[in-house]
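If you scroll down you'll find the structure; I have some questions about it.
The values are calculated or read from the model by the stated rules, or taken from the named source; none is laboratory data. Keep in mind that what you see is a predicted model, and the values were worked out from it rather than measured. All Cβ positions, even for glycine, are placed from backbone atoms using ideal geometry, and neighbour counts span all protein chains on display.
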Amino acid sequence: MLVYDPYAYEAHEDPYPIYARLRAEAPLYRNEALDFWALSRHADVLSAIKDTERYSNAHGVTLDPAASGPHAHLGMSFLAMDPPRHTQMRALVSRGFTPRRVAALEPRIRAMAVAHLERMAEAGRSDFVADLAGRLPMDVISEMLGVPETDRGTLRAWADRLVHREEGVLDVPPEGLEAFQHIWRYFSERVAERTRTPGEDLISALLAAEIDGQRLAPAEIVSFCNLMIVAGNETTTKLLANALYWLWRNPDQRKLVADDPGRIPGWIEETLRYDASSQVIGRVTHRELALHGQRVPEGARVLLLLGSANRDERAFESPDAYDIRRNASAMVSFGQGTHFCLGASLARLEARVVLEEFWRRFPDYEVEPAGLVRVHSVNVRGFAALPLELRRG
Ligand code: HEM
């Protein structure tokens, strides 16, 4: 029998054989026990993810009951909204993500990356996640939101606790909910402080912004801060470590980067496709749908398996080969359409800067496989620990 359970540790270890079976045998899959449907083929995922008429984000995008339902926007802001409210909120926040604003972050990102890498070079070995990949994305978000350096470690620890799942736990665990409350309280205080003393950060900009003559409520800004952490932190951390891991596993591809470091952007794109850090995105049907000869009722939870779509043989040639030269632009790792990842260019910039600086120093890096630890999360895929042996190149 074909069983797909996104909570199972087996699915976190290697979901790709299960995805291949889903695409072949059950392109519309039904899990009665967990009460969801799943689409796994590229064409189906792509058309659903863009379709805000038939599919809604307003009940959240995860399977976790605690983060699902009409209140989902409290934690997920406009990611858990449909147009027109989504359109208005996103338009406001987008001002913080214009190409000019993102590009302006590059020198700061490079300086932070270099500082981490120099510390790693001194030690000669490193857990790449603890020393860099798990820190930098949060630091970048913190800079944007104006979080002081002294608070960043605590905030990062809460963010990690929010997404971690022990095996067999089918919801946000109490520690996760507690972490969410800490994050909520923390940003409520930051918003209150910025109301009193505006600064140059995104929180201050949002406090001053208006939609149709109306200001955002403090709670709406706090939700947005939480979304930045949920959407922009773990995903980018995982991309960075996945890139080093898969290049190490594929010596022929590593040689291509060694011969031409100009291939780093191709390395990033292929890593995003081959092992998407955001594997699953959920929707709820607005109305009854007919899919693959079956009826999916109104109000049903449908999981869109991004990681599977990226490996669909109908969309990519030799999808299970890691090939940094391929055109990976059909990948759906950042979503598509209305909810297309607002931070995609920022994530790509962070990855490029980190990998450029890393490669300059450690082209001979080795992964120590015995120390690898996978993260266990319903939608995020990647490493909790990636031990490296480092020699200066
Ligand atoms: C490799 C890194 C990243 C991946 C794989 C990723 C993936 C995604 C995906 C798949 C979505 C679409 C969700 C949907 O359709 O419901 C999304 C949305 C979003 N992402 Fe990212 N993301 C990444 C990095 C970031 C960063 C760095 C930020 C910001 C700092 C960010 C902020 C957002 C926001 C605000 C949304 C909501 C957009 C909307 O609903 O209109 N992401 N991301």
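List the number of the failed condition for residue 130; all other conditions in (1) assigned to a helix (DSSP H, G or I); (2) touching a residue at least 40 places away in the same chain (Cβ under 8 Å); (3) touching a helix residue (DSSP H, G or I) at 6+ places or on another chain (Cβ under 6 Å) hold.
Result: residue 130 fails condition (3) only.
If residue 340 satisfies all but one of (1) farther than 18 Å from residue 31 by Cβ; (2) buried (at least 22 other Cβ atoms within 10 Å of the Cβ); (3) within 16 Å of the ligand (Cβ to nearest atom), what's the number of the condition it fails?
Here residue 340 meets the rest and fails (2).
Another question, if that's okay. Conditions: (1) surrounded by fewer than 18 Cβ atoms within 10 Å (Cβ to Cβ); (2) at pLDDT 95 or above. Residue 211 meets all but one. Number of the miss?
Every condition holds for residue 211 apart from (2).
Taking the criterion of being hydroxyl-bearing (Ser, Thr, Tyr), in a helix (DSSP H, G or I) and under 15 Å from residue 5 (Cα atoms), would at least one residue in region 16-27 satisfy it?
Yes.
Can you say whether residue 186 is aromatic (Phe, Trp, Tyr) and in contact (Cβ under 8 Å) with a residue 40 or more places away in the chain, as far as the supplied structure shows?
no
So, in region 220-276, of the ones that are under 17 Å from residue 384 (Cα atoms) and touching a Ser or Thr at 6+ places or on another chain (Cβ under 7 Å), which residue ends up surrounded by the fewest Cβ atoms within 10 Å (Cβ to Cβ)?
246
Could you say whether any residue in region 87-101 is part of a loop (DSSP other than H, G, I, E, B), under 23 Å from residue 304 (Cα atoms) and near the ligand (Cβ under 10 Å from one of its atoms)? Outline the logic, then answer.
Taking region 87-101 and keeping what is part of a loop (DSSP other than H, G, I, E, B), we get 98.
Restricting the remaining residues to those that are under 23 Å from residue 304 (Cα atoms) gives none.
Looking through region 87-101, none of the residues is part of a loop (DSSP other than H, G, I, E, B), under 23 Å from residue 304 (Cα atoms) and near the ligand (Cβ under 10 Å from one of its atoms).
So, in region 347-379, how many residues would count as being away from the ligand (no atom under 16 Å from the Cβ) and under 30 Å from residue 62 (Cα atoms)?
Count: 5.
Follow-up question, since we're still on this one. Would you check which residues across region 49-70 are buried (at least 22 other Cβ atoms within 10 Å of the Cβ) and assigned to a helix (DSSP H, G or I) and list them?
49, 67
List the pairs whose first member sits in region 77-105 and is on the phi > 0 side of the Ramachandran plot, whose second member is of a type in the set (Gly, Ala, Ser), and whose Cβ atoms are under 9 Å apart, counting only residues at least 6 apart or on separate chains?
77/223
Regarding residue 241, is this residue part of a helix (DSSP H, G or I), under 25 Å from the mean Cα position of the chain (by Cα), aliphatic (A, V, I, L, M) and at pLDDT 95 or above?
Criteria met by residue 241.
Can you tell me which residue among 241, 219 is in contact with a Leu (Cβ under 8 Å, 6 or more places away or on another chain), within 16 Å of the ligand (Cβ to nearest atom) and on the phi < 0 side of the Ramachandran plot? First the steps, then the outcome.
Details: 219 fails: within 16 Å of the ligand (Cβ to nearest atom).
Only one candidate qualifies: 241.
Picking from 271, 235, which residue would you name as being outside any strand (DSSP E or B), farther than 21 Å from residue 38 by Cβ and among the hydroxyl-bearing types (Ser, Thr, Tyr)?
271
Here's a follow-up. Filter region 277-311 down to the residues that are within 16 Å of the ligand (Cβ to nearest atom) and in a loop (DSSP other than H, G, I, E, B), then identify the one that is surrounded by the fewest Cβ atoms within 10 Å (Cβ to Cβ). Walk me through it before giving the result.
Narrowing region 277-311 to residues within 16 Å of the ligand (Cβ to nearest atom): 277-286, 301-311.
Those still in the list that are in a loop (DSSP other than H, G, I, E, B) too: 277, 279, 286, 310-311.
On the way: 277: 25, 279: 26, 286: 16, 310: 25, 311: 23.
So, considering only residues that are within 16 Å of the ligand (Cβ to nearest atom) and in a loop (DSSP other than H, G, I, E, B), the one surrounded by the fewest Cβ atoms within 10 Å (Cβ to Cβ) is 286.
Quick check: is even one residue across region 321-331 under 24 Å from residue 377 (Cβ atoms), within 16 Å of the ligand (Cβ to nearest atom) and not acidic (Asp, Glu)?
Yes, that holds for at least one residue.
So residue 382 fits all but one of (1) on the phi < 0 side of the Ramachandran plot; (2) within 16 Å of the ligand (Cβ to nearest atom); (3) of a type outside the set (Phe, Trp, Tyr); what number is the exception?
(1)
Within region 12-25, how many residues are among the hydrophobic types (A, V, I, L, M, F, W, C) and surrounded by fewer than 17 Cβ atoms within 10 Å (Cβ to Cβ)? Working first, answer last.
Applying the first criterion (among the hydrophobic types (A, V, I, L, M, F, W, C)) to region 12-25 yields 18, 20, 22, 24.
Then keep just the ones that are surrounded by fewer than 17 Cβ atoms within 10 Å (Cβ to Cβ); that gives 24.
Number satisfying all stated conditions: 1.
Just to check your reading of the model, which residue among 232, 146 is small (Gly, Ala, Ser), within 16 Å of the ligand (Cβ to nearest atom), touching a helix residue (DSSP H, G or I) at 6+ places or on another chain (Cβ under 9 Å) and free of Cβ contacts under 8 Å to residues at least 60 places away in the same chain?
146
For residue 338, only one of the following conditions fails: (1) closer than 30 Å to residue 119 by Cα; (2) not in a loop (DSSP other than H, G, I, E, B). What is its number?
The one condition residue 338 does not meet is (1).
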